[in-house]
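Have a look at the structure below before the remarks.
The values are calculated or read from the model by the stated rules, or taken from the named source; none is laboratory data. Please read these numbers as outputs of a predicted model, since none were measured by experiment. Every residue, glycine among them, receives a Cβ derived from its backbone with ideal geometry; neighbour counts consider all protein chains shown.
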Amino acid sequence: MASPLVAVRNLRTLFPVGAHSVFRAPATFVHAVDDVTFDIDEGEALALVGESGCGKSTLALTLLGLERPTTGSIDFAGQEMTALKGSELKAARRNMQMIFQDPYESLNPLMRVGEIVAEPLIVHKLANARSDREARVRAALEAAGLKPPEVYLERYPYQLSGGQRQRVAIAAALVLEPRLLLADEPVSMLDVSIRAEIINLLAELKQTRKISILFITHDLGTVTAVADRIAVMYLGRIVELGRTADVLTQPRHPYTKALLSVTPAPNPRLRKERIILKGETPDPTRLPGGCRFAPRCPVAQPLCLASDPPLTALETGHTAACHFG
Amino acid sequence: MESSHPGGLTATMRNFSRNRMGMVGLAMLLLAIALAVFAPVIAPYDPAKPPRATIMDIYLPPSAEHPFGTDDAGQDVLTNFLYGARVSLMVGFFASFIAVAIGGVMGLSAGFIGGRTDNILMRFTDIMLVIPDLPLAVVIVALTKPSLWVIVLVIGLLGWTSTARLIRSQTLSVKQRRFVTRARAVGAGNFYIIRRHILPLVLPLLVVNTVLVISLAILNESTLSFLGLGDPTAPSWGQMLNFAFTRGAMSAGGWWALLAPGIGIVWVVLACTLIGQGLEQVLNPRLASHNLSSTKQMILRPPRTQSQHAPQAPDQA
Ligand SMILES: Nc1ncnc2c1ncn2[C@@H]1O[C@H](COP(=O)(O)OP(=O)(O)OP(=O)(O)O)[C@@H](O)[C@H]1O
Ligand SMILES: [Mg+2]
């Protein structure tokens, strides 16, 4: 098999908390991303699912090099991202573009759509001829479903709907023809009625352009249309990883089961009994010694409090971090 | 189709043109500038070649020959007033240019770079902020040979702190916004981000601040000159006040020698304040209903007239 486009190994991103200075080392850290390992193949979409604050955005920002990982490696298209600096990092980012959660905040209110979409080309000094650049901007807008592009070029973000803004953000990401798209909850701020459109657009881009996608969401209900595989994240760690159908139909980790049980099913009669998790998410600065899910786990045993289960293979391509999965 | 967004400089200027208070201020300032620029045309006399004055010409009241009267040296007050406008406005503009440039760069670097740079720059700003400007300016100007450029430099170098603080806080808030992160994710460098994403959102505030710094600089110059620290070769309004005040204008009944420069200073400062207020209203529409100017109040009181008139009602009946 060909080597994957992205290979993440034992990635850790810690944020120091509390007062610290040059003289005093910080005492505690938020383990935003804590020992994460996964691959994304060329043209594959991996969904990253997990509740708010589990470190999904931090993982995406670390992949982009916007957050420095504490340890671990990110192999992107054969390049070690964590070792890159300056112009090399900039060049690598050309192939890796991100779409942010909030289309109201992620577009500069003072720039026109045409300028926003052309910006990546300007930053990377690509398509320097004016006509060339305009053609690429138009093509990107069309690819993002803003047709005809002339209608949108001169507009400001405030003159667009939320869905249209997110399409502008997608166009700005596509204009560089990246190999990997990091979509950080691209639909969670949008109206329910237009979520499907944006998700279908991403699925289409994956199909037609063979773009790899890391699709971040906290809603398992939005993954089926795009994702080939699902990674479930809990408190900075991936606790289950497998093909979409496998994870959705045969979840192995109790956390995944709980997430699935609260995801609205298309057919209400098929809905299983809801598993309501007891307790709060532990403080991410003071993680429990054993399995980090144990304090909230409905099936926890004494073993779970004592030892941290590693991510183990169950069947082909399906892994879970549970002693009893 | 709309051509610009409400937060940008172009749109700010367009909305400003609909703000009556601001436009009045602008008209006042433009009038003052016009008088200064066209002083040689308007002024009845040439200050470089003043007509011979005798003791009989001192503190003459306003007349056709001297519309604003004459001063302690028997010179035409209108002429001095017009040429004084040049000095006062020039000092105001140049000094505020220095202040705003320093404050802008300081605030932008502190806010954008953050961390230790921010700490050091803001400590320095705080120190400058607590040092009383005017006494220090007096000392510095008094110790040097009084010259226009020393005054400009001193006012400029002491007047940037408020700009630095303002621009820093605006930069900080713009820097946190998502579109800046997105620009970084695209691969943009610091200079590009400052130029394309931070500055456009900081600029309107900088313009407001500049107007207010100008009026402050003019006031400071007037104060220094009034204290007798002005450049004798370039008499400003403050200096006219100083001459009139120290050379017996009041006891001689020559109030016009004080009134002309006084009105000039108030006029320009008021103009700048009105422009600043107008710009602020445009930038922050919530300020439009200022608690002092509006009839709506936060705390509703029963209408006073009623309670006052109630006991009197029988008498009136
Ligand atoms: N710059 C930072 N400094 C300190 N802590 C941070 C920083 N960024 C994130 N964190 C912490 O890291 C953890 C993970 O945050 P992150 O934003 O990655 O979560 P998320 O899964 O994207 O959540 P959401 O679904 O709400 O977007 C949180 O506990 C957060 O408070
Ligand atoms: Mg997030």
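Please verify whether B:Arg182 is of a type in the set (Lys, Arg), in contact with a strand residue (DSSP E or B) (Cβ under 9 Å, 6 or more places away or on another chain), under 30 Å from A:Glu185 (Cβ atoms) and within 13 Å of chain A (Cβ to nearest Cβ), treating the condition exactly as stated.
Considered against the rule, which asks whether it is of a type in the set (Lys, Arg), in contact with a strand residue (DSSP E or B) (Cβ under 9 Å, 6 or more places away or on another chain), under 30 Å from A:Glu185 (Cβ atoms) and within 13 Å of chain A (Cβ to nearest Cβ), B:Arg182 comes out as yes.
So which helices (runs of 4 or more DSSP H) are wholly in segment A:40-139 and hold at least 3 residues that are more than 14 Å from every other protein chain (Cβ to nearest Cβ)?
Filter on segment A:40-139 gives an empty set.
Only one of these is within 28 Å of B:Leu229 (Cα to Cα), in contact with a helix residue (DSSP H, G or I) (Cβ under 9 Å, 6 or more places away or on another chain) and surrounded by 18 or more Cβ atoms within 10 Å (Cβ to Cβ): B:Gly22, B:Gly92. Name it.
Among B:Gly22, B:Gly92, only B:Gly92 is within 28 Å of B:Leu229 (Cα to Cα), in contact with a helix residue (DSSP H, G or I) (Cβ under 9 Å, 6 or more places away or on another chain) and surrounded by 18 or more Cβ atoms within 10 Å (Cβ to Cβ).
For segment A:196-233, which positions are closer than 22 Å to A:Ala171 by Cβ, in a helix (DSSP H, G or I) and within 16 Å of ligand 1 (Cβ to nearest atom)?
Listed by number, the list holds a single entry, A:Thr222.
Please give the number of the condition B:Gly187 fails out of (1) more than 12 Å from every other protein chain (Cβ to nearest Cβ); (2) in contact with a His (Cβ under 7 Å, 6 or more places away or on another chain).
Checking B:Gly187 against (1) more than 12 Å from every other protein chain (Cβ to nearest Cβ); (2) in contact with a His (Cβ under 7 Å, 6 or more places away or on another chain), the one that fails is (1).
Tell me, please, whether a residue that is more than 15 Å from ligand 1 (Cβ to nearest atom) and either modelled with pLDDT of 90 or more or farther than 18 Å from A:Leu241 by Cα (or both) can be found in segment A:47-70.
No, every residue in segment A:47-70 fails to be more than 15 Å from ligand 1 (Cβ to nearest atom) and either modelled with pLDDT of 90 or more or farther than 18 Å from A:Leu241 by Cα (or both).
In segment B:69-91, which residues are of a type outside the set (A, V, I, L, M) and in contact with a strand residue (DSSP E or B) (Cβ under 7 Å, 6 or more places away or on another chain)?
If the condition is that a residue be of a type outside the set (A, V, I, L, M) and in contact with a strand residue (DSSP E or B) (Cβ under 7 Å, 6 or more places away or on another chain), then B:Thr70, B:Asp76 are the ones that fit.
Take segment B:190-203 and flag every residue that is more than 8 Å from chain A (Cβ to nearest Cβ), under 29 Å from the mean Cα position of the chain (by Cα) and not basic (Lys, Arg).
Result: B:Ile194, B:Ile198, B:Leu199, B:Val202, B:Leu203.
Can A:Met98 be described as in contact (Cβ under 8 Å) with a residue 60 or more places away in the chain, surrounded by 22 or more Cβ atoms within 10 Å (Cβ to Cβ) and touching a strand residue (DSSP E or B) at 6+ places or on another chain (Cβ under 8 Å)?
yes
Do we find a residue being within 14 Å of chain B (Cβ to nearest Cβ), basic (Lys, Arg) and outside any loop (DSSP other than H, G, I, E, B) anywhere in segment A:159-166?
yes
Return the only residue of A:Ser106, A:Ser188 being surrounded by fewer than 20 Cβ atoms within 10 Å (Cβ to Cβ), within 16 Å of ligand 1 (Cβ to nearest atom) and in contact (Cβ under 8 Å) with a residue 12 or more places away in the chain.
Only one candidate qualifies: A:Ser188.
So which of A:Ala173, A:Ala183 is touching a residue at least 60 places away in the same chain (Cβ under 8 Å), within 16 Å of ligand 2 (Cβ to nearest atom) and not in a loop (DSSP other than H, G, I, E, B)?
The conditions single out A:Ala183.
Assuming A:Glu150 fulfils every condition listed in (1) away from ligand 2 (no atom under 16 Å from the Cβ); (2) among the acidic types (Asp, Glu); (3) crowded, with 19+ Cβ neighbours inside 10 Å apart from one, which condition is it?
(3)
Return the pairs, sorted by first residue and then second, in which the second residue is more than 13 Å from ligand 2 (Cβ to nearest atom) and not in a strand (DSSP E or B), the first residue lies in segment A:213-224 and is within 14 Å of chain B (Cβ to nearest Cβ), the beta carbons are less than 9 Å apart, and the residues are 6+ apart or on different chains.
A:Leu214/A:Leu63
Table: residues versus (1) of a type outside the set (A, V, I, L, M, F, W, C); (2) closer than 30 Å to B:Ala11 by Cβ; (3) in contact with a Ser or Thr (Cβ under 6 Å, 6 or more places away or on another chain).
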{"position": "A:Thr37", "(1), (2), (3)": "yes, no, no"}
{"position": "A:Leu63", "(1), (2), (3)": "no, no, no"}
{"position": "A:Thr71", "(1), (2), (3)": "yes, no, no"}
{"position": "A:Gln79", "(1), (2), (3)": "yes, no, no"}
{"position": "A:Glu88", "(1), (2), (3)": "yes, no, no"}
{"position": "A:Phe100", "(1), (2), (3)": "no, yes, yes"}
{"position": "A:Pro103", "(1), (2), (3)": "yes, yes, no"}
{"position": "A:Asn108", "(1), (2), (3)": "yes, yes, no"}
{"position": "A:Arg130", "(1), (2), (3)": "yes, yes, no"}
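Looking at (1) buried (at least 22 other Cβ atoms within 10 Å of the Cβ); (2) on the phi < 0 side of the Ramachandran plot, which is the one condition that is false for A:Gly65?
So the condition that A:Gly65 fails would be (2).
Within segment A:72-91, identify whether any single residue is within 16 Å of ligand 2 (Cβ to nearest atom) and not hydroxyl-bearing (Ser, Thr, Tyr), and answer yes or no.
There is no residue in segment A:72-91 that is within 16 Å of ligand 2 (Cβ to nearest atom) and not hydroxyl-bearing (Ser, Thr, Tyr).
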